[in-house]
Amino acid sequence: MYPIELRKITKSFKNASGNGELLILDSIDLCPQVGKSTAIIGKSGTGKSTLLQIAGGLDAPTSGSVFCNGTDLGTLSDSKKSLIRNRNMGFVFQNNMLLEDFTALENVMIPAMIAGKGKKECRDRALELLEKLGLTDRLDHLPGQLSGGERQRVAICRALMNSPEIIFADEPTGSLDEENAREVENMLFDIVSSEKKTLLLVTHNIDFANRCDMVYRLSNRKLTLEKG
Amino acid sequence: MNPFVALWSRKRILRRGRLTGCMVLIALVTAPLVIALIFSGSMMNGIADRFIYLSDGHVQITGAGNSTIPQDNILCMDETVTGYALMYGASDTASVSLKGVKEDYFNSYRLHYMDLEYLPQEERSGLNRIILSETTSHKLNLKAGDRVALMVVPDTEEGVLRPVMLQVGGIYSCGYEQIDSNLAFIDYTHAQKLFSSRDSRVTEIIAKDSSDTAVRSLASSISTDGRVNTWQSKNSSVYSNFVNSRQMIILILLIIVFIASFFTASSANQIIEDDVQEIAVSKLMGASDRMTRQSAFISIYTVTLTGMFIGLAAGILIGLNLSPILNLLSRSDLINLSYYLLDFSSVVPWRDIILVLAVMTCVSALSILISLRHTRRITPMRLFTGL
């Protein structure tokens with residue numbers, strides 16, 4: 001069983017006029033290897049983010065199935081999908097999506113708190129992760145008081161909080177300057193490999209993608225293996 | 001409670017802005033409601049007490065020759081003689097109800113409800129005295145010590161109108177013009193001479209326990225050859241007016257409560273709209289729809305209840321200190337105020353307040369829950385599509 005497995009995924013959207021459909025993804029199969037990093041590259045607008053959202057159970061495919069450890073996400077209720085996202089998946093997005101009223105520490109603790117874990121357990125794990133990413137002096141800072149790179153590091157810690165099997169990262173360095181981007185890349189790869197997680201990365205940055213074990217290109221609605 | 005739900009609720013409550021506004025508004029609605037309840041309830045109690053202590057007693061026995069009255073629930077009992085007269089001033093006349101009372105009639109229980117100033121002993125003439133209300137003395141332009149002519153209405157068929165000259169031996173005020181304008185006291189022995197009918201003799205009884213059931217029980221336990229009435233039955237129109245007014249006030253307050261609760265619901269809606277991003281992120285992290293609803297409900301409901309209790313406390317505080325406002329009002333020349341009592345002890349009508357607040361609590365909870373159904377439509381995809 002794989003943490004995530006996509007079978008014959010097709011996604012189409014209705015045209016703005018309402019007549020006809022726009023096909024984005026056509027019969028895509030994808031099965032990231034456990035403990036490895038997989039990148040999906042492609043031009044803007046090719047459907048990379050849509051594919052990642054479908055893989056994360058956030059969006060539903062028009063046809064095809066997404067399996068998480070053998071369970072078809074399409075057959076689950078919203079609350080069960082939420083549970084799977086909480087326990088088995090971590091997300092890092094370009095705009096980090098931190099809760100502005102929560103401190104860095106609290107933001108990291110959220111997934112464990114949602115899972116109903118005890119305060120001490122949540123805090124200890126969050127402190128461990130924040131320490132690994134060099135944020136011990138930013139624990140009580142609100143996201144608005146952090147730099148872009150720091151915010152993204154907090155988002156990475158949050159994604160790893162419940163020790164999920166797979167991390168979905170959509171352009172995690174897209175909004176950062178080169179220096180910060182490189183630092184976040186390094187930290188992401190270091191922590192994913194030290195925690196032995198599966199990484200599914202979407203990026204248009206070829207250098208970033210090439211650091212992954214496998215690289216797929218999405219173009220013309222199809223996925224083709226470029227590396228690995 | 002899930003730790004995330006608790007933390008998120010706390011964050012929302014502590015966040016300044018809309019929720020604070022909501023709390024202030026609820027307090028501003030609750031406080032006047034409580035003040036209105038205290039004011040109306042206390043005034044009605046005050047008016048009822050004045051009817052009881054100065055006009056009728058809790059129970060009256062009219063025209064009795066022999067009566068057996070159980071003593072266990074009696075605070076005081078006074079024999080009086082009642083009749084009617086037309087009083088002449090220099091430029092006006094007044095129709096008054098005369099009540100013949102003994103010296104000890106004005107005991108501490110009654111003096112609690114009236115201000116009474118006697119004419120000094122040395123200024124008294126040989127005339128029989130009459131104690132007038134401030135209202136009547138103003139109307140007839142009389143003061144203590146003045147002489148006043150009355151035309152006494154006979155209380156028997158054989159009797160004739162009888163002119164009497166009296167000296168104003170004191171001025172009283174009970175604060176309620178509807179009683180003041182109609183009631184004058186004369187000496188008991190003099191009244192007996194003016195009104196000889198057996199039906200003019202009234203025994204007024206003030207009960208220790210003034211609850212409706214205790215008063216009815218006292219009335220029914222009296223054995224007499226006269227007529228026994230309670231103050232409610234004698235003043236049935238006044239009493240039913242009180243009951244109807246109280247019900248109407250509570251009804252109006254409940255309508256206001258419903259409107260306020262819908263405001264809470266609309267605030268809840270607005271808060272959900274403002275927090276769409278946060279709700280979507282929390283769902284992305286795996287929070288269930290139930291958790292997001294629970295958290296929103298706890299924060300909005302906590303704020304509603306806090307606002308309500310602040311309003312309740314402020315309302316009680318102001319309601320129990322209405323005297324300065326009432327004094328100002330009583331000094332004004334507003335004609336309609338004559339129908340109101342402006343000098344009364346404030347009493348918190350807990351039963352009515354609890355009823356109104358309970359309805360407010362339930363309706364708010366229900367309307368917030370209904371508003372929060374919308375959270376189901378907020379999915380993590382809102383973060384990407386903005387839909």
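Go through B:Met248, B:Ile272, B:Ser237 and say which Cα lies farthest out towards the positive end of the charge dipole of the range B:225-296; charges sit on Cβ, +1 for Lys and Arg, -1 for Asp and Glu.
B:Ser237
For the charge dipole of the protein assembly as shown, defined by +1 on Lys and Arg C-beta atoms and -1 on Asp and Glu C-beta atoms about the Cα centroid, which residue among A:Ser193, A:Pro164, B:His58 has the Cα displaced farthest towards the positive pole?
Of the candidates, A:Ser193 comes out farthest on the positive side.
Find the accessible area per residue for the range A:5-227; the probe is 1.4 Å, ligands and nucleic acids are left out, and the unit is Å². Display every interim value, and only then the final one.
Details: 9560 Å² over 223 residues.
Result: 43 Å² per residue.
Could you list the residues of the range A:50-90 with an amide nitrogen less than 16 Å from a label point located 7 Å from the Cα of A:Ser219 in the Cα-to-C-beta direction?
Hits in the range A:50-90 for A:Ser219 at 16 Å: none.
For a distance above 13 Å, tell me the whole-number percent of Cα pairs in the range A:18-59 that qualify.
Working: 554 of 861 pairs.
Every Cα pair in the range A:18-59 considered, those over 13 Å come to 64 percent.
For the range B:1-46, just the Cα set please: Rg and Dmax, both in angstrom.
So, for the range B:1-46, Rg and Dmax equal 17.5, 53 Å respectively.
Over chain B, what is the relative contact order in whole percent, taking alpha-carbon pairs under 8 Å and six or more residues apart?
Working: 631 pairs, mean separation 115.3, N = 387.
Relative contact order, chain B: 30 percent.
Rank these residues by their accessible area, most exposed first, probe 1.4 Å: B:Met360, A:Met187, B:Met77, B:Met1. Please list the in-between numbers first.
Values: B:Met360 5, A:Met187 35, B:Met77 80, B:Met1 150 Å².
Highest to lowest solvent-accessible surface, that is B:Met1, B:Met77, A:Met187, B:Met360.
Kindly provide the helix-only [θ] at 222 nm of chain B, computed as the sum of -39,500 (n - 2.57) over DSSP H runs of four or more divided by all residues, to the nearest 500 deg cm²/dmol? Can you show the working numbers first?
On the way: 14 runs with 194 residues, N = 387.
It lands at -16000 deg cm²/dmol.
Using unit Cβ charges (K, R positive; D, E negative) and no other charged atoms, how large, in debye to the nearest 20, is the dipole of the range A:5-227 about its Cα centre? It would help to have the intermediate numbers written out before the result.
Working: 29 positive and 30 negative charges, 158 e Å.
It comes to approximately 760 debye.
Where in chain A is the longest stretch that carries no GluC sites (Glu not before Pro) classed as loop by DSSP and with at most 15 other Cβ atoms within 10 Å? Don't jump to the answer; show the numbers that get you there.
Details: sites that count: A:Glu100, A:Glu195.
Longest stretch, sites excluded: A:1-99.
Peptide A:70-82: average number of partner chain Cβ atoms within 10 Å per residue?
Details: counts 0, 0, 0, 0, 0, 0, 0, 1, 5, 6, 1, 5, 11.
Neighbouring Cβ atoms belonging to other protein chains average 2 per residue here.
Looking at the calculated P(r) for the range B:1-95, what percent of the C-alpha pair distances fall above 19 Å?
Values: 3272 of 4465 pairs.
I get 73 percent for the Cα pairs in the range B:1-95 exceeding 19 Å.
If the elastic network links every pair of Cα atoms under 10 Å, which of A:Leu188, A:Leu146, A:Leu133 fluctuates the most in the Gaussian network model of chain A?
Fluctuation is largest for A:Leu146.
I want to check the label-to-label distance for B:Asp115 and A:Glu128. Put each point 7 Å from Cα in the C-beta direction and report it in nm to one decimal.
It works out to 8.0 nm between the two label points.
Report the one residue of A:Gly148, B:Thr156, B:Ala314 whose Cα lies farthest in the direction of the positive end of the charge dipole of the protein assembly as shown (charges on C-beta: Lys and Arg +1, Asp and Glu -1; origin at the Cα centre).
About the Cα centre, the residue reaching furthest to the positive side is A:Gly148.
Can you classify chain B as rounded, prolate or oblate using the Cα gyration tensor, where a ≥ b ≥ c are the square roots of its eigenvalues, rounded means a/c under 1.5, and otherwise it's prolate if a/b beats b/c and oblate if not? Walk me through the intermediate numbers first.
Details: a/c = 4.14, a/b = 2.86, b/c = 1.45.
Prolate, since a/c reaches 1.5 and a/b exceeds b/c.
To the nearest Å, what is the center-to-center distance of the range A:186-228 and the range B:205-262, using C-alpha atoms only?
What the calculation gives is 83 Å, centre to centre.
For a quick check, take a GNM of chain B with Cα springs below 10 Å and name the residue from B:Tyr188, B:Tyr118, B:Tyr301 with the largest mean-square fluctuation.
Per the Cα network of chain B with a 10 Å cutoff, B:Tyr118 tops the list.
Strictly greater than 25 Å: what percent of every Cα pair in the range A:5-227 meets that? Provide the component values of the computation, followed by the final result.
Working: 9827 of 24753 pairs.
Roughly 40 percent, once rounded to a whole number.
State the antiparallel share, in %, of DSSP beta bridges confined to the protein assembly as shown, rounding to the nearest 5. Walk me through the numbers before you get to the answer.
Numbers: 59 of 87 bridges.
Antiparallel bridges: around 70 percent, rounded to the nearest 5.
Within a 10 angstrom radius of each residue's Cβ in B:372-382, how many Cβ atoms of other chains show up on average? Whole number is fine. Intermediate results must be reported in sequence, preceding the final value.
On the way: counts 0, 0, 0, 0, 1, 0, 0, 4, 10, 4, 0.
Partner Cβ neighbours, averaged per residue: 2.
Show me, bin by bin at 5 Å from 0, the whole-percent P(r) of the range A:1-111 based on Cα pairs.
2, 10, 18, 20, 19, 15, 10, 5, 1, 0
For A:107-114, what's the mean count of beta carbons from other chains sitting within 10 Å of each residue's beta carbon? If you can, show how the numbers build up before the last one.
Numbers: counts 2, 0, 3, 9, 6, 3, 10, 12.
Mean shielding by partner chains, rounded to a whole number: 6.
Top mean-square fluctuation among B:Phe344, B:Phe39, B:Phe309, Gaussian network model of chain B, C-alpha springs under 10 Å?
Of B:Phe344, B:Phe39, B:Phe309, the most mobile in the Gaussian network model is B:Phe309.
Spin-label point model (7 Å from Cα, Cβ direction): what's the B:Ser97 to B:Ser237 distance in nm?
Modelled inter-label distance: 1.2 nm.
Using a 7 Å offset from Cα along Cα-Cβ at A:Ser147, what residues in the range A:93-128 end up with backbone N under 20 Å from the label point?
A:93-98, A:104-105
I need the calculated FRET efficiency for the pair B:Arg351 and A:Ser44, taking r as the beta carbon distance and R₀ as 45 Å, to the nearest 0.05.
Efficiency at R0 = 45 Å is approximately 0.05.
Once fully extended, how much extra length lies between B:Ile74 and B:Ser323, figured as 0.36 nm per residue of separation less the alpha-carbon to alpha-carbon distance?
On the way: separation 249, 0.36 × 249 = 89.64 nm, distance 3.10 nm.
Roughly 86.5 nm would be gained on extension.
Give the accessible area for A:Arg158 in Å² (nearest 10); use a 1.4 Å probe, count only protein heavy atoms, and leave out ligands, DNA and RNA.
10
Do any of A:Lys14/A:Lys80; A:Lys43/A:Lys196; A:Lys36/A:Lys227; A:Lys36/A:Lys81 go past 21 Å between their Cα atoms, and which? Walk me through the intermediate numbers first.
Working: A:Lys14/A:Lys80 28 Å; A:Lys43/A:Lys196 29 Å; A:Lys36/A:Lys227 13 Å; A:Lys36/A:Lys81 24 Å.
Table pairs above 21 Å Cα-Cα are A:Lys14/A:Lys80; A:Lys43/A:Lys196; A:Lys36/A:Lys81.
Given the pairs A:Lys8/A:Lys117; B:Lys99/B:Lys139; A:Lys48/A:Lys117, which are separated by over 30 angstrom at their Cα positions? Can you show the working numbers first?
On the way: A:Lys8/A:Lys117 37 Å; B:Lys99/B:Lys139 19 Å; A:Lys48/A:Lys117 34 Å.
Too far apart for the 30 Å limit: A:Lys8/A:Lys117; A:Lys48/A:Lys117.
What's the magnitude of the charge dipole for the range A:79-186 around its Cα centre, counting Lys and Arg as +1 and Asp and Glu as -1 at the beta-carbon? Answer in Debye, nearest 20.
Numbers: 15 positive and 18 negative charges, 160 e Å.
Around 760 debye, computed over the range A:79-186.
Compute the Kirkwood hydrodynamic radius of the range A:58-151, taking the inverse of the mean of 1/r over all pairs of distinct Cα atoms, and give it in Å to one decimal. Write out the running numbers ahead of the final one.
Values: mean 1/r = 0.0662 Å⁻¹.
After inverting the pairwise mean of 1/r, the radius is 15.1 Å.
When only the heavy atoms of the protein chains count and the probe is 1.4 Å, how do B:Thr189, B:Thr82 rank by accessible area, highest first? Mind showing how you got there, number by number?
Numbers: B:Thr189 90, B:Thr82 40 Å².
My answer, sorted largest first, is B:Thr189, B:Thr82.
What's the longest bit of chain B with no exposed GluC sites (Glu not before Pro), using DSSP loop states and at most 12 other Cβ atoms within 10 Å as the test? Could the numbers behind the result be given before it?
Numbers: sites that count: B:Glu157, B:Glu158.
That would be B:159-387.
Taking all pairs of different Cα atoms in the protein assembly as shown, averaging 1/r and flipping that mean, what Kirkwood radius in angstroms comes out? Mind dumping the intermediate values first?
Numbers: mean 1/r = 0.0320 Å⁻¹.
So the Kirkwood estimate lands at 31.3 Å.
Shape verdict for the range B:280-335, please, from the Cα gyration tensor: rounded (a/c under 1.5), prolate (a/b greater than b/c) or oblate.
Working: a/c = 7.94, a/b = 4.82, b/c = 1.65.
Prolate is the answer for the range B:280-335, as a/c is 1.5 or above and a/b outweighs b/c.
Taking the Cα centre of chain B as origin and charging only Cβ (+1 Lys, Arg; -1 Asp, Glu), how large is the dipole, in debye to the nearest 20?
On the way: 33 positive and 33 negative charges, 499 e Å.
Dipole of chain B, to the nearest 20 debye: 2400 debye.
Out of the DSSP beta bridges found with both residues in chain A, what percent are antiparallel (nearest 5)?
On the way: 17 of 35 bridges.
If I count the DSSP bridges inside chain A, around 50 percent turn out antiparallel.
Mind giving me the FRET efficiency for A:Leu76 and B:Phe262? R0 is 41 Å, r the Cβ-Cβ distance, nearest 0.05 is fine.
The value I calculate is 0.65.
Top to bottom by accessible area (1.4 Å), largest first, where do B:His374, A:His204, B:His138 land? Provide the component values of the computation, followed by the final result.
Details: B:His374 55, A:His204 110, B:His138 135 Å².
These residues rank, largest area first, as B:His138, A:His204, B:His374.
The values are calculated or read from the model by the stated rules, or taken from the named source; none is laboratory data. On a predicted model such as this, the values are computed, not experimentally measured, just so you know. Neighbour counts run over all protein chains shown; Cβ positions are idealised from the backbone, glycine included. These accessible areas exclude ligands, DNA and RNA; they are computed on the full protein's heavy atoms, side chains included. Shrake-Rupley method; radii C 1.70, N 1.55, O 1.52, S 1.80 Å.
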